[in-house]
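Notes follow the structure.
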Amino acid sequence: MFPSSSDEVDATPATSSSVDSSDFPRASQRFARLALAGVLTWLAWIAFHDELGYIPLLSDIDLAIHEFGHMLFMPFGIQFLGNTMMILGGSLTQVAFPLIFFGYFMRKHDDAPRRDLFAAMVCLWWSGINLLSVAIYCADSRAGQLMLLDGSTGQESDGHDWNNLLTRWGLLEHDTAIARWMRAIAWLVCVASIIVAIWSALQVPRVQPIEARNPDLG
């Protein structure tokens, strides 16, 4: 049985209203994500032009993660993977911690129609910023000018992680060269993650057919 002309007229406004109501949240989300990408660009510019790579609040959180990394590889004072791994654990955990969330958002979940690529790129950006912080720490290995957590400098204390690590590995004279490579990788990670995040924010989500959203219809 074909629909009458009155049925066609009544169905048109409902469809238009449905499309308009679904477009507004997507447009708002797109704008919010583009704004966040802009903030991340600004923060990255600040970090890469700051002597210490400092970002308010975030750097303080990263310092806590760094210190937790030392304890992670020395639970209850036991160095279960050796002293070298305990020293390296701070920087390693600092860089790897955001990658846990990166992996989470890159996975498909039962309650989500697709991966959240934008959120994954934000986490990847965070990891890049942490790698920059590690690069600055590494570059200070011989100079020992940075203030450590106990209030002393690397020249006044034997607690400088990267001085200890590079000395053990026989690479202390290459500290600035290694740090430059770290810094370059951190820069590439931040730039790439921001570009992909912007691209992701600009994508229009694929609208599912009515039959797919409402399996009872049809």
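Values quoted throughout were computed directly from the atomic coordinates according to the rules given, and no laboratory measurement underlies them. Keep in mind that what you see is a predicted model, and the values were worked out from it rather than measured. Counting neighbours? That spans all protein chains shown, and the Cβs are built from the backbone with ideal geometry, glycine included.
Within 10 Å, count the other beta carbons around each residue, average over each peptide in 34-47, 93-106, and list them highest first.
Numbers: 34-47: 15.4, 93-106: 17.4.
Those peptides, ordered most packed to least, come out 93-106, 34-47.
Note down the net charge around LEU88, summing +1 for each Lys or Arg and -1 for each Asp or Glu among other residues with Cβ under 12 Å from its Cβ. Present the calculation step by step, with values, prior to reporting the outcome.
Values: positive: ARG168; negative: ASP161.
Result for the neighbourhood of LEU88: 0.
Using amide H atoms built in the peptide plane, which far-off residues or other-chain residues are under 5 Å from THR153 H to H?
Residues meeting the amide H criterion: LEU148.
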